[in-house]
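*Asks:* Please read through the structure below; I'll follow up with questions.
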Amino acid sequence: MLLEKKLLKAEKRKFTDLQRQVHSLKAALFPLDGLQERVENFMPWYAALGPSFIRDLYTHSPVLEEEFVVLTAR
């Protein structure tokens, strides 16, 4: 009985941690519950990466697909 309670408590803690991580990721990718490109300005990335930033966006953007792409800085 005691072991079951401990296991249940551990599972709840694990679920809460995962839920917090998902919410944090969602907040980073969808600020103000919208698309990131509607909130963020591309100029800091363009200033840091130069014209290759636009080329990378063009190369990795799915034109007609209904999906999201996450690009990371090098």
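The values are calculated or read from the model by the stated rules, or taken from the named source; none is laboratory data. Since this is a predicted model, take the numbers as computed values, not measurements. Neighbour counts run over all protein chains shown; Cβ positions are idealised from the backbone, glycine included.
*Asks:* Restricting to region 30-40, name every residue that is part of a helix (DSSP H, G or I) and either among the charged types (D, E, K, R) or at pLDDT below 85 (or both).
*Replies:* Passing the criteria: Asp33, Gln36, Glu37, Arg38.
*Asks:* Can you report the number of residues in region 41-69 which are charged (D, E, K, R) and in a loop (DSSP other than H, G, I, E, B)?
*Replies:* Number satisfying all stated conditions: 3.
*Asks:* Yes or no: Gln19 surrounded by 10 or more Cβ atoms within 10 Å (Cβ to Cβ) and in contact with a Phe, Trp or Tyr (Cβ under 8 Å, 6 or more places away or on another chain)?
*Replies:* It is false that Gln19 is surrounded by 10 or more Cβ atoms within 10 Å (Cβ to Cβ) and in contact with a Phe, Trp or Tyr (Cβ under 8 Å, 6 or more places away or on another chain).
*Asks:* Would you mind telling me which numbered condition in (1) surrounded by 10 or more Cβ atoms within 10 Å (Cβ to Cβ); (2) at pLDDT 90 or above His60 fails?
*Replies:* So the condition that His60 fails would be (2).
*Asks:* Does Gln36 count as touching a Phe, Trp or Tyr at 6+ places or on another chain (Cβ under 9 Å) and either of a type in the set (Phe, Trp, Tyr) or surrounded by 10 or more Cβ atoms within 10 Å (Cβ to Cβ) (or both)?
*Replies:* Yes; evaluated as a whole, the condition is true for this residue.
Okay, residues lined up against (1) among the hydrophobic types (A, V, I, L, M, F, W, C); (2) under 14 Å from the mean Cα position of the chain (by Cα):
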| residue | (1), (2) |
| --- | --- |
| Leu2 | yes, no |
| Leu7 | yes, no |
| Ala10 | yes, no |
| Phe30 | yes, yes |
| Gly50 | no, no |
| Thr59 | no, no |
